[in-house]
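Please read the structure below before turning to the comments.
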Amino acid sequence: MMLKEKFHLLRYLSDGIKSDGVLLDKYRDISYEVNTIKTAEGSCDLKLGNTHVIAGVKFEMGTPYEDTPDEGGIMINVELLPLSSPDYFPGPPTDKAIELSRVIDRGIRESGAVDLKSLCIVEGEQVLTVVVDVCAINDDGNLLDAGALASLIALKNAKIPKIENGKIDYTQLTKDTVKLKELPITITCYKIGEYVFVDPTTYEEKYYDSRLTITTIDDSSIVALQKGGEKAITISDVDKMTDLALTKSKEIRKMIKK
Amino acid sequence: MIKFSEGSVVVPGEAVAEGKEYRIGQGFYRVGEKVFASRLGILRIKEEDNFIYLVPLTGVYNPREGDTVIGKIEDFHSLGWRIDLFCPYSAMLMVREVPGYVPAGELDKVFDIGDLVCVKITKVTNNKMIDVSMNGPGLFKLNEGRIIKISSQKIPRVIGKQGSMVNMLKDKTGCKVIVGKNGLIWTKGEPKTEIIVNEAIKMIEDLSHTSGLTDRVAEMLDKKMEEYNKNKG
């Protein structure tokens, strides 16, 4: 609605809060439940304020790529269900859905979190492919961070099913989990005017100037980046954003390690 | 025989009463001897004249003459603007109903598509053609501020008896508040007090079926405003 909303939003930001009253460098309450979906090998039902996502992990049997005969695969797919927001419609994936799945995928793949070699069954012939499906149930902003966190927790809790004669028996799950070497945490920093903050609601997402998604692992090294938004960011913005992302990722890592 | 007690929540299709001695009001229909609810709402019984009616909890806005509503400019014609009232029918705002000079052929300089206006419904015909007007006190274009949308059936609770609830919201927080009967509420004030008003309205929406709401909202507002003043000073 045209109410000079961006101008109005800047008044909130200059007061040190976002439109929902949360401080600029704070996340909304995060709560999650694991393995709520019985048909998936691992799942996570995550709520970040009013944002609600569900991630599910399935294992598939496949053949490896020729250049990596002893490595399994990983695939991440984000679906923006029309029920989650008035802006989403049924049909082929939109640019936003493709970006979300690629950025989440990049964070997990490039950090080397999943030990792909452990997914190999017969070298050069049979490997397991991990498929993570993320569904947005309700979109109140920051689907990227919520989706990345949900898929990571779902992966962490996924149990590998029993494999017999080269076929997967989905009815029986072994006690083995996917080996995670790292915990890549994705934090997106947004910039409106001169203000840098994390965890926007839909209100802020409509008017942001630029954003930078930063994925970090346990030893604070950056494994993936994604820049978005129409305006440019300066070197000092990048410094500010990485500092913010590092402190936030430490907090979140502590929370999911519990 | 009524199967429910006064004030209980009924769902569509629920057999509420049996027998022809009851007169039924809005939200009910009769099949043979039985009376069924057609909407989700709260059952009200007037024992003295055997009358039952329903206070709906959900549903779309039904435009009525004299209501103050908040609408969005949808389109313009040669003589006025078409306004979306966030209900199944759109309204017409004629140029003569707008105070001040409107240059001919330049209607978009006054209100552009997407602008929000606070208007009063002057006429609703039988086939739901709605005329609105901006002549009157408290009717203007909304420039800044924040819009909250709630179910229009819950607006009476936000207004309260003779406006008690909305006046309390204004007095305690110092925000400007305009309540549109179609479910849109406009607030303007300091950012932090706007958030408090927001929370109060969410609370009213969630607890709209309970009694003693004004006292509880007052308590919550006092607590939040005390916190706000402490941090400010």
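FYI, it's all coordinate maths here, none of it is from the lab. Here the structure is a predicted model, which is why all the values come from computation and not from measurement. FYI the Cβ positions are ideal-geometry reconstructions off the backbone, even for glycines, and counts take in every protein chain you see.
Please state the shape class of segment B:9-56: rounded when a/c is under 1.5, otherwise prolate if a/b exceeds b/c and oblate if not, all from the C-alpha gyration tensor.
oblate
Looking at segment A:1-155, send over the antiparallel percent of its DSSP beta bridges, to the nearest 5.
Working: 26 of 34 bridges.
Once the DSSP bridges in segment A:1-155 are tallied, antiparallel ones form about 75 percent.
Is there a quick way to get the dipole size of segment B:75-214? I mean about its Cα centre, with the Cβ of Lys and Arg at +1 and of Asp and Glu at -1; what is the value in debye to the nearest 20? Please report the intermediate quantities before stating the final value.
Working: 19 positive and 15 negative charges, 102 e Å.
Roughly 480 debye, rounded to the nearest 20.
With axes computed from alpha carbons, what is the tilt in degrees of helix A:143-156 against the longest principal axis of chain A, rounded to the nearest 10 within 0 to 90?
Computed tilt is about 30 degrees.
Under 19 Å from a point placed 7 Å out from the Cα of B:GLU6 along the Cα-to-Cβ direction: which residues of segment B:28-66 have their backbone N that close?
So the set is B:41-56.
Can you tell me the mean projection area, over all orientations, of the convex hull of the protein assembly as shown's alpha carbons? Units nm², please. Show your work: numbers first, answer last.
Details: hull surface 128.2 nm².
Answer in nm², one decimal: 32.0.
Farthest toward the dipole's positive end in the protein assembly as shown, which of B:GLY66, B:GLN162, B:MET225, given Cβ charges of +1 (Lys, Arg) and -1 (Asp, Glu) about the Cα centre?
Sorting the options by dipole projection puts first B:GLN162.
What are the ³J(HN,Hα) couplings of segment A:189-194, residue after residue, when phi is run through the Karplus curve with 6.51, -1.76, 1.60 and θ = phi - 60°? Round to Hz, x for glycine and proline.
Once θ is set to phi - 60°, the couplings for segment A:189-194 become 9, 10, 9, 10, x, 9 Hz.
Can you give the charge dipole size of the protein assembly as shown about its Cα centre, rounded to the nearest 20 debye, using +1 on the beta carbon of Lys and Arg and -1 on the beta carbon of Asp and Glu?
Rounded to the nearest 20 debye, it is 1600 debye.
Under 5 Å between amide H atoms, partner at least 5 residues away or on a different chain: which partners does A:GLY229 have, H built in plane at 1.01 Å?
Close amide H contacts, sequence-distant or interchain: A:ARG211.
Only Cα pairs under 8 Å and at least 6 apart count here; give the relative contact order of chain B as a rounded whole percent.
About 14 percent, as a whole number.
I need the GluC sites (Glu not before Pro) found in segment A:1-83, filtered to DSSP loop residues with at most 13 other beta carbons within 10 Å of theirs.
A:GLU66
Hey, what angle do you get for helix B:213-232 against the long axis of chain B, alpha-carbon based, 0 to 90 degrees rounded to 10?
Rounded to the nearest ten degrees, it is 40.
Between A:ASN138 and A:MET255, 0.36 nm times their residue separation minus their Cα-Cα distance comes to what? Before the final figure, lay out each step's value.
Numbers: separation 117, 0.36 × 117 = 42.12 nm, distance 2.26 nm.
Residue separation times 0.36 nm, minus the Cα-Cα distance, leaves 39.9 nm.
What does the charge dipole of segment A:54-156 about its Cα centre add up to, to the nearest 20 debye, if the Cβ of each Lys and Arg holds +1 and the Cβ of each Asp and Glu holds -1?
The dipole magnitude comes to about 240 debye.
Cα centroid distance between segment A:21-74 and segment B:215-233, in Å?
One Cα centre to the other: 40 Å.
Read phi for every residue in segment A:239-249 and hand back ³J(HN,Hα) as whole Hz from Karplus 6.51 cos²θ - 1.76 cosθ + 1.60, θ = phi - 60°, with x for Gly and Pro.
Going residue by residue, I get 4, 4, 5, 5, 4, 4, 5, 5, 5, 5, 5 Hz, with x marking Gly and Pro.
Run the numbers for B:MET203 and B:SER151: contour at 0.36 nm per residue of separation, minus the present Cα-Cα distance, in nm.
Between B:MET203 and B:SER151, full extension yields 17.4 nm more.
Which log10 I(q)/I(0) values does segment A:41-166 give at q = 0.16 Å⁻¹ under the Debye formula, counting every alpha carbon as one identical point scatterer?
With no solvent term, the Cα-only Debye profile gives -0.77.
Mind listing the long-range amide H neighbours of A:LEU81? Cut-off is under 5 Å, sequence gap 5 or more, other chains count too, H placed in the peptide plane at 1.01 Å from N.
A:ALA136
If a/c stays under 1.5 just call it rounded; otherwise compare a/b with b/c (prolate if a/b is bigger, oblate if not). Do that for chain B, with a ≥ b ≥ c from the square roots of the Cα gyration tensor eigenvalues.
It comes out oblate by the Cα gyration axes.
Dipole of chain A (Lys/Arg Cβ +1, Asp/Glu Cβ -1, origin at the Cα centre): which of A:TYR27, A:PRO90, A:THR174 lies farthest to the positive side?
Of the listed residues, the answer is A:TYR27.
As a test, work out the antiparallel percent of DSSP beta bridges whose residues both lie in the protein assembly as shown, rounded to the nearest 5.
85
As an exercise, use a Förster radius of 51 Å and the Cβ-Cβ distance of A:SER31 and B:SER78 to find the FRET efficiency, rounded to the nearest 0.05.
Step by step, r from the Cβ atoms, then E = 0.40.
Pairs of alpha-carbon atoms within less than 8 angstrom and 6+ residues apart define the contacts here; what relative contact order does segment B:1-115 have, in percent?
17
Whose amide H sits under 5 Å from the amide H of B:TYR61, counting only residues 5 or more places off or on another chain, with H placed in the peptide plane?
Residues meeting the amide H criterion: none.
Which FRET efficiency, nearest 0.05, do B:VAL102 and A:THR247 yield, Cβ-Cβ r, R0 56 Å?
The calculated FRET efficiency here is 0.55.
Can you tell which of B:ASP49, B:ASP215, B:ASP84 shows the greatest fluctuation in a Gaussian network model of chain B with Cα springs below 10 Å?
Largest GNM mean-square fluctuation: B:ASP49.
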